[in-house]
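Let me begin by presenting the structure, written as structure tokens, before commenting on it.
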Amino acid sequence: MDTPSPIDPDLLRVERDGPILHLRLNRPVKRNAVNDGLILAIDHAFTGIASDVRCIVLSGEGQHFCAGLDLSELSERTVYEGVLHSRMWHATLEKVQYAPVPVIAVLHGATIGGGLEIAAAAHIRVAERSAYYGLPEGQRGIFVGGGGSMRLPRLIGTSRMADMMLTGRVFDAEEGQQAGLTNYLVAEGEGLAKGMALAQKVSTNAPLSNFAVIQALPRIAELPPSEGLFVESLVAAIAQGDPTAKERIRAFLEGRAAKVAKS
Ligand code: 1HE
């Protein structure tokens, strides 16, 4: 791994749409394969998110979401450099998973290797019918290095992940839905609109409530039950104590808030 270069703004398109920050992997000629420049650009984008951003949408330019790690940068790496490189991915994808606001990944075409690891760090995945999930690390003689072995078993189970890595099994968007990867399956070309619509919805929630969902929920889920329940009580009390929660509950009781309805 060379000394990190300055952030290349062309590798990651950054756009604001009201409360939504839209980040788009922008290396379509290389199928958005993630070189060091792109992972640094993602890291940079997730550092110091503006306080008025309420949700982040992450998508890919071109015909594929992401072809994974840029394999051309791998061949000359020593073992030690390999560890540091993986740790760099970990640091970046921690910022994605523990961003201050929810992250929605919009997937189409190849979502493989490191691309799947990026998608797994997001909180919601919208997949167009063309999306497919693979972990070709086994065939390439390598191993996941972007947190996949920690996040993917939690989403799809260790056995499914092992199958994907050992046999090269690929799940299409629909199979991915059954497996727990696809949260929303949409028609071709409709992913971004769906992702933005969901982001708008998420943005109307109380910020502290969203924060609790993405920061507290995954941590509580990893705790032993007794400790988890205790932390849940603290988080519940903190959320309830927020003036926004009080106003929203008052609004419901006074008939000013929407009822829960089937979608
Ligand atoms: C790449 C990469 C890449 C494309 N690294 N250059 N990932 C993989 O093993 C997936 C490898 N890629 C593919 O299987 C295919 O490229 C795709 C199925 C994604 C797309 O196929 P296609 O026909 O649309 O594109 P293409 O012609 O194969 O690729 C276009 C160019 O992108 C071509 O370069 P060119 O200079 O010949 O035009 C490809 O070489 C280049 N390209 N994918 C480098 N991945 C944190 S650890 C994670 C570990 C992993 O991610 S392992 C999985 C790696």
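Positive contributions from Lys and Arg (+1) and negative ones from Asp and Glu (-1), summed over other residues with Cβ under 15 Å from the Cβ of M196, come out at +3. The aspartates and glutamates within cross-link reach of K95, meaning a Cα-to-Cα straight distance under 17 Å and a gap of 8 or more places when in the same chain, are D36, D43, E117.
Rg/Rh for segment 207-253 stands at 1.06; both radii use Cα atoms, and Rh follows the Kirkwood definition. For segment 91-233, the dipole from Cβ point charges (+1 on Lys and Arg, -1 on Asp and Glu) about the Cα centre works out to 140 debye, to the nearest 20.
Specify whether the C-alpha gyration tensor of segment 144-245 places it in the rounded, prolate or oblate class, a ≥ b ≥ c being the square roots of the eigenvalues: rounded for a/c under 1.5, otherwise prolate if a/b is larger than b/c and oblate if not. It comes out oblate by the Cα gyration axes.
Contact order for segment 119-222, expressed relative to its length and based on alpha carbon pairs under 8 Å spaced 6+ residues apart, stands at 36 percent. Modelled this way, with points 7 Å down the Cα-to-C-beta line, the labels at A162 and S209 are 4.1 nm from one another. Take every pair of alpha-carbon atoms less than 8 Å apart whose residues are at least six positions apart; their mean separation over the length of segment 1-93 yields a relative contact order of 33 percent.
In units of the compact-protein estimate 2.2 N^0.38 Å, the chain shows a Cα radius of gyration of 1.05.
Would you work out the relative contact order for the chain, in percent, from Cα pairs under 8 angstrom that are 6 or more residues apart? Relative contact order for the chain comes out at 16 percent. Accessible surface computed residue by residue for segment 6-152, with neighbouring protein chains in place and a 1.4 Å probe, gives 40 Å² per residue. For the chain, what is the calculated [θ] at 222 nm in deg cm²/dmol (nearest 500), taking -39500 (n - 2.57) for each run of four or more DSSP H residues and dividing by its residue count? Estimated from H runs of four or more residues: -13000 deg cm²/dmol. Our note on the geometry: Cα centres of segment 57-130 and segment 198-224, 21 Å apart.
Applying a DSSP loop filter and a limit of 14 other Cβ atoms within 10 Å to the GluC sites (Glu not before Pro) in segment 52-152 leaves E76.
Please give me the summed charge of the neighbours of L185: other residues whose Cβ is under 12 Å from its Cβ, Lys and Arg +1, Asp and Glu -1. That sum, taken over residues with Cβ under 12 Å, equals -3.
The portion of the accessible surface of segment 104-263 made up by carbon and sulfur, rounded to a whole percent, is 60 (1.4 Å probe; DNA, RNA and ligands excluded). Computed 3J(HN,Hα) for segment 102-107, one whole-Hz value per residue from the Karplus formula 6.51 cos²θ - 1.76 cosθ + 1.60 where θ = phi - 60°, is x, 10, 10, 8, 10, 10, glycine and proline marked x.
Counting only DSSP beta bridges with both residues in the chain, the antiparallel share comes to about 30 percent.
In loop segments of segment 141-204 as defined by DSSP, the GluC sites (Glu not before Pro) with at most 15 further C-beta atoms inside 10 Å of their C-beta are E188. Counting only lysines at least 8 places from K194 when in the same chain, those with an alpha carbon closer than 19 Å to its own are K262. Surface exposure of segment 207-253, expressed per residue as accessible area with a 1.4 Å probe, stands at 70 Å².
Multiplying the residue separation of E247 and H90 by 0.36 nm and subtracting their alpha-carbon distance yields 52.6 nm.
The charge dipole of the chain, taken about its Cα centre with unit charges on the Cβ atoms of Lys, Arg (+1), Asp and Glu (-1) only, comes to about 820 debye.
The values are calculated or read from the model by the stated rules, or taken from the named source; none is laboratory data. Note that this is a predicted model, so its numbers are computed, not measured. Cβ sites come from the backbone with ideal geometry, for glycine too, and all protein chains shown count toward neighbours. Surface accessibility is based on the protein's heavy atoms, side chains included, excluding ligands, DNA and RNA. Shrake-Rupley method; radii C 1.70, N 1.55, O 1.52, S 1.80 Å.
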